[in-house]
Amino acid sequence: SIKAVLYPTETDYLFFFSRGDGSHIFAKTYEEHLKNQELYGR
């Protein structure tokens, strides 16, 4: 939505991983992101 682009929520998350079931896992660091990929598949 346009409002989301103009007024984004402040967060420390920089990475996200999209799971096959439609849910998402967020990570603050690249290392966390890589671990999420290992844990939840690619």
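When the criteria are applied in full, Y40 fails the requirement of being at pLDDT 95 or above, on the phi < 0 side of the Ramachandran plot and aromatic (F, W, Y). Checking each residue in the range 1-20 for being part of a loop (DSSP other than H, G, I, E, B) and either farther than 22 Å from Y40 by Cα or not small (G, A, S) (or both) picks out S1, Y7, P8, T9, E10, T11, D12, Y13, L14, R19.
The values are calculated or read from the model by the stated rules, or taken from the named source; none is laboratory data. None of the values given here were measured: they were computed from a predicted structure.
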